[in-house]
1. Test of understanding: among B:LEU276, B:LEU309, B:LEU232, which residue is more than 14 Å from chain A (Cβ to nearest Cβ) and of a type in the set (A, V, I, L, M)?
2. Under the condition of being within 26 Å of A:ASN389 (Cα to Cα) and of a type in the set (D, E, K, R), which residue from region A:310-328 is farthest from the chain's Cα centre (by Cα)?
3. Only one residue in A:PHE118, A:PHE148 is over 24 Å from A:ALA250 (Cβ atoms) and of a type in the set (Phe, Trp, Tyr). Which one?
4. So which residues in region B:83-103 are under 23 Å from the mean Cα position of the chain (by Cα) and part of a helix (DSSP H, G or I)?
5. Any residue in region A:320-336 that is closer than 25 Å to A:GLU28 by Cα and touching a residue at least 24 places away in the same chain (Cβ under 8 Å)?
6. Going by the structure shown, is A:ALA73 among the hydrophobic types (A, V, I, L, M, F, W, C), within 22 Å of A:ASN59 (Cβ to Cβ) and either surrounded by fewer than 19 Cβ atoms within 10 Å (Cβ to Cβ) or out of contact with any His (no Cβ under 9 Å at 6 or more places or on another chain) (or both)?
7. Which of the residues belonging to region A:338-383 are out of contact with any helix residue (DSSP H, G or I) (no Cβ under 7 Å at 6 or more places or on another chain) and of a type in the set (A, V, I, L, M, F, W, C)?
8. Take the conditions polar (S, T, N, Q) and within 14 Å of chain A (Cβ to nearest Cβ) and apply them to B:THR115. Does it pass?
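The values are calculated or read from the model by the stated rules, or taken from the named source; none is laboratory data. As the structure is a prediction and not an experimental result, all values here were calculated from the model. Virtual Cβ from ideal backbone geometry, glycine too; neighbours counted across all protein chains shown.
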Number of protein chains: 2
Amino acid sequence: MKKSAIRGGYIISTPSNVLEDQYLIIEEDKILDITKELPEDIEDIIGGDHDIVMPGLINTHTHAAMSLFRGIADDLPLMIWLNEHIFPAEARFVDEEFVYLGSLLTAWEMVRSGTTAFCDGYFFEDQVVKAAKEIGIRAWVGEGLLDFPTPSIKDPSKAIDTVRSFINRLSNDRLVKPTIFPHSVYTCSPDLLKQAFDLAQEYDLVFQIHLSETDSEVRQIKEKFNMSPVELLDSLGCLSERTLAAHCVALSPDDINVLAKRGVSVSHNAESNMKLASGVAPVPEMLDAGINITIGTDGCASNNNLDMLGEISSVARLHKVIKKDPTVIDENTALSMATINGAKALGFDGGTLRKGAPADVVVLDGDYPNMVPVHHAVSNVVYAASGLNVKHVVIDGQIVVKDSRATTIDEEAMLKEWRRIEKRLKQ
Amino acid sequence: MKKSAIRGGYIISTPSNVLEDQYLIIEEDKILDITKELPEDIEDIIGGDHDIVMPGLINTHTHAAMSLFRGIADDLPLMIWLNEHIFPAEARFVDEEFVYLGSLLTAWEMVRSGTTAFCDGYFFEDQVVKAAKEIGIRAWVGEGLLDFPTPSIKDPSKAIDTVRSFINRLSNDRLVKPTIFPHSVYTCSPDLLKQAFDLAQEYDLVFQIHLSETDSEVRQIKEKFNMSPVELLDSLGCLSERTLAAHCVALSPDDINVLAKRGVSVSHNAESNMKLASGVAPVPEMLDAGINITIGTDGCASNNNLDMLGEISSVARLHKVIKKDPTVIDENTALSMATINGAKALGFDGGTLRKGAPADVVVLDGDYPNMVPVHHAVSNVVYAASGLNVKHVVIDGQIVVKDSRATTIDEEAMLKEWRRIEKRLKQ
């Protein structure tokens, strides 16, 4: 079988285990070895003596198609932003072509910036699947379930059946896995939430949901149910190790205990929460409680990029200043969130570079100014790097980015397509 | 005289004045025009139909040579970080060669990420001058004045004379201007501060100082002088329109009023303050008071990069979440801080693209994934861009970065030099 190698000045096996001057050997879709000596039967080598080789980044919460709304509206109060800009734009423009082209743009931006797997929730998810497979990125995809009609599911009473068909179409796909994605406790009835969770259990899937993103969500749910959003989900039996809860900003200490006890994973979306002024998630407290914290960018309309390396840096910095303690969320913790913790939340065997692991590997170009010198490779990744430092990306053993260009699509031709739809959105 | 042009899909003249599909015309060191039609006598054209052309970024607070300490120590309490890592490393390694090579690395990272001018304070500043001129970046440089011996001034009693000679050596330099840089109120006696300010007035120079960076600085000064650091400087007559105060985190409402009344400019160092957990500067309050707020990265040991585009994004996001108000520091305000406000603080005529202004211009590559689509060019600059999107940079009419490579140094040869000194630092 064909073997290839990646040369690294620094190979980050895990954040606490950095190997210097080694080769990472890939056979088919797996990591065969990490070794000082280059084996003789290697067919290709990428990477270089000063490059940093690291596990692919895992973005656990996004709405891929929304990259086409990047910068459409900023710096506005949340409800004006949503009701006067995002919802009308979605009602007007979101169709199959929009979701396909937006998701392809997102998948391109993700691989170009070192993300090798993402968890998506939006509409027309068959198109997200198509885009992800075209780029060659791993994706966990969820068709949005809501009480009311969506762009893709006009009749809410057929939502569960629609999702069941979607799941069946994806059975045994190599790169793309279905998830169940009820939007939130304020847009889904208890009955819909229960049905959704039952479906996740039936097919053994990730159950992803927006949870306690803002104080106003918590107020609204408490008024209606006399419970916090976390307590409501718990009362419905929707919290378990398969639950991936996005945002989790407005949590009480009791909420944190419940999430920890149920083994829920959290997708922390720091930059989106900052930009929308939603608040700061109590990440240090959740870590202390033993919760598996992962990192997501959220959609591009509220971020406005998909750069996980920038996101890691924001996570590590934000909580230090909030706690006035520079030891909070050290660099190893921050990088773990974006790799091994993300893998755990998705039930995926990746997130580290080790023998037998899936070959999802990112190479950062060591010849960029911001990567010199290297006193600690993990520090440079967490605090100095940008996604644009990414030189090569391997997913499932396939080189999807080489010399900072996607190998799987015609970038120039696609730029014309994205600009065509940009013109339409501006009309 | 030779004329050249920069093509832009979007030319950001000022944040509130974006021109579409134009050419920016440069003659010698000045902007001659911004025009729809390309004049006939143009010799060179750079840029492209989808690129964003913007004013060069101005970094108003850094310690350039410290890039060689990037990642040397992170995630530590401030006093352990300083006393056990930074000060010993400085005592051991900081000499003329270190400052030259560190400053050259910094100047390279800066121009590659769109910074066209910076304000520096450190030791052996003749070496910073040498590095800045070699790269071709504008620099405002200040030799550190302290009560005790520094790596470059062994006898504190000779500090003022040493700085006077430094100023005289720099008279009439085109790109590099001297400043006066007493380190802080906790490392400089009132007498030294007064002498320093007199010198700044004598030569009509910027007076830069660290001010109220932490609560502990404020406590220490109040114990000693029964005044806040701001009040102490004001009592010494050191606050005026020539004063550029870095950090300004721990300010009282009275302090803010004093800074505003005296016309002081502030260098806001958000990412460094976050990483060191110093606190969040009251920037919205300072803006309300009418203070000229600029942006600095601080040194690389506490940031750990010099990417002003990343810094702008952090500034815009941080204050929104702190104030729980997404309208705080909108994108135009954030970009103004890093351009026109920085220019004002340094007494420099740049910071905007307009007829007759200095030709300090940055071109962002519109073909990167994170720059597509362009609903609002300023939004993409502030919230989506990274310094690594920078394709071309012109400073004083000279192309110093072309196709993301510095034109003024041999990058490969210099990487060998920086790695040579990296090895020495690790011994």
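1. Within the list B:LEU276, B:LEU309, B:LEU232, the selection yields B:LEU232.
2. A:LYS320
3. On inspection, the qualifying residue turns out to be A:PHE118.
4. B:ILE86, B:PHE87, B:GLU90, B:GLU96, B:GLU97, B:PHE98, B:VAL99, B:TYR100, B:LEU101, B:GLY102, B:SER103
5. No.
6. no
7. A:ILE340, A:ALA343, A:ALA345, A:LEU346, A:PHE348, A:LEU353, A:ALA357, A:ALA359, A:VAL361, A:VAL362, A:VAL363, A:ALA377
8. Answer is yes for this residue.
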